Amino acid sequence: MIIFTYPWMFVAVLLPFAVYFLWPAAKKMYGDALRVPFTADIAEIKNNSGGMADLFGGYAQSSKLRLILAALMWLCVMIALCRPQWVGEPHQVQNRGRNIMLVVDISTSMNERDFALQGKRYDRLTAVKYVVNQFVDKRIEDQIGLVLFGTRAYLQVPLTYDRSALKEVLMATDAGMAGNSTSIGDAIGVALKNMPQDGGNDNRVIVLLTDGENNDGALSLPQAINLAKQENVKVYTIGVGSDEESFFGGFFTVPRNSGLDEAGLQQLAAETKGTYFRAKDLQTLANVYSAIDQLEPQAQDGRFVQETKDLFYYPAGLALLLFLGLMYLVRKGG
């Protein structure tokens, strides 16, 4: 469909007629009579060309052509000034999604092999990679970033829609790359620092996964909680790791201290309006990320948009061609 952005500009088409009828006529300098001192020459031209009618008739036709060209040029200019546009069919777009920062513990304790899948035992980090990849694949409308931490916290992937790149970085990660200890406070601080400041009150989320307690770094856990509250960022916390140690392929187990600071993680989640989850095995871990996926719903259908394309350059170009043609006739003397 073609529309005009400024249709009222069509009124200007009548401007030449207004000038013609309303503007006072110029006074004649030589009166009404015109003396022709070269009557003999005109007679000779008449004899050679077949008559005066052919000469003045051709001139009259050329004048009409120039008038037509000028009128068409003016019409094209007016159409261009009205700014014609092609407008496509309306399409429904989705509202903006979440900004989710994944904060993953890669301290050496993540090498503990206490997660099972299809009869095989895997270390914690491998299980996390498997589940996080599935979670990332579902968050199509969200920007997702990745912070890895151990003794130090590092922003590995800033917020991005490139889910493939994020998964590649995560899959290339090994436990112990960032040190042996656990700096949960610093990791939260790095994630908050790389969140957009104008993200709104409900679309900025941190998902923290760890198997330990905050035992290193510059920021304490209470300080990190206060920062997250000030920034109004929701934090989901996940404590991973089994509280039992298995022997002989799982036939014999004994209780053990997992070293997980559940109270601190629960406080972090509660004071930032998030939720704390405990994942002792791979299935529970998968359920945790599914629950987070439900708690942070995808963007819903929103406003409508229409594709538009300006067309004014077509009448403007045609007006230029008509102007060049008119100038050619004037120079030719036609």
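The values are calculated or read from the model by the stated rules, or taken from the named source; none is laboratory data. Keep in mind it's a predicted model, so treat the numbers as computed, not measured. No Cβ is skipped: glycine too gets one built from the backbone with ideal geometry, and neighbour counts run over all protein chains shown. To get the accessible areas, we keep the full protein, side chains included, count just its heavy atoms, and leave off ligands, DNA and RNA. Shrake-Rupley method; radii C 1.70, N 1.55, O 1.52, S 1.80 Å.
Please work out which one of (1) touching a Lys or Arg at 6+ places or on another chain (Cβ under 6 Å); (2) modelled with pLDDT under 85; (3) not in a loop (DSSP other than H, G, I, E, B) is the condition Gly239 fails and give its number.
(2)
Can you find even one residue in the stretch 174-181 that is closer than 20 Å to Val288 by Cβ, of a type outside the set (Val, Ile, Thr), touching a Ser or Thr at 6+ places or on another chain (Cβ under 6 Å) and touching a residue at least 40 places away in the same chain (Cβ under 8 Å)? Give the steps one after another, and end with the answer.
Taking the stretch 174-181 as the starting set, the residues that turn out to be closer than 20 Å to Val288 by Cβ are 175.
Keeping just the survivors that are of a type outside the set (Val, Ile, Thr) gives 175.
Imposing the further condition that a residue be touching a Ser or Thr at 6+ places or on another chain (Cβ under 6 Å) reduces the set to 175.
Of the ones still in play, those that are also touching a residue at least 40 places away in the same chain (Cβ under 8 Å) are 175.
Within the stretch 174-181 (the criterion being closer than 20 Å to Val288 by Cβ, of a type outside the set (Val, Ile, Thr), touching a Ser or Thr at 6+ places or on another chain (Cβ under 6 Å) and touching a residue at least 40 places away in the same chain (Cβ under 8 Å)), the answer is yes, since at least one residue qualifies.
Confirm whether Gln85 is touching a Ser or Thr at 6+ places or on another chain (Cβ under 6 Å), at pLDDT 85 or above and not hydroxyl-bearing (Ser, Thr, Tyr).
yes
Of everything in the stretch 257-275, what is touching a residue at least 40 places away in the same chain (Cβ under 8 Å) and touching a strand residue (DSSP E or B) at 6+ places or on another chain (Cβ under 6 Å)? Give them in sequence order.
Leu260, Leu265, Leu268, Thr272, Gly274
Which fully enclosed helices (runs of 4 or more DSSP H) of the stretch 101-208 have 3 or more residues being open to solvent by 10 Å² or more (accessible area, probe 1.4 Å) and more than 25 Å from Asn287 (Cα to Cα)?
Counting at least 3 such residues, we get 184-193.
Can you name every residue in the stretch 198-227 that is touching an Asp or Glu at 6+ places or on another chain (Cβ under 9 Å) and free of Cβ contacts under 8 Å to residues at least 12 places away in the same chain?
Across the stretch 198-227, the qualifying residue is only Asn226.
Val305 is checked against (1) outside any helix (DSSP H, G or I); (2) modelled with pLDDT of 90 or more and fails just one. What number does that condition carry?
Of (1) outside any helix (DSSP H, G or I); (2) modelled with pLDDT of 90 or more, only one is false for Val305: (2).
Within the stretch 274-299, which residues are assigned to a loop (DSSP other than H, G, I, E, B) and either more than 30 Å from the chain's Cα centre (by Cα) or surrounded by 15 or more Cβ atoms within 10 Å (Cβ to Cβ) (or both)?
If the condition is that a residue be assigned to a loop (DSSP other than H, G, I, E, B) and either more than 30 Å from the chain's Cα centre (by Cα) or surrounded by 15 or more Cβ atoms within 10 Å (Cβ to Cβ) (or both), then Gly274, Thr275, Lys280, Asp281, Glu296, Ala299 are the ones that fit.
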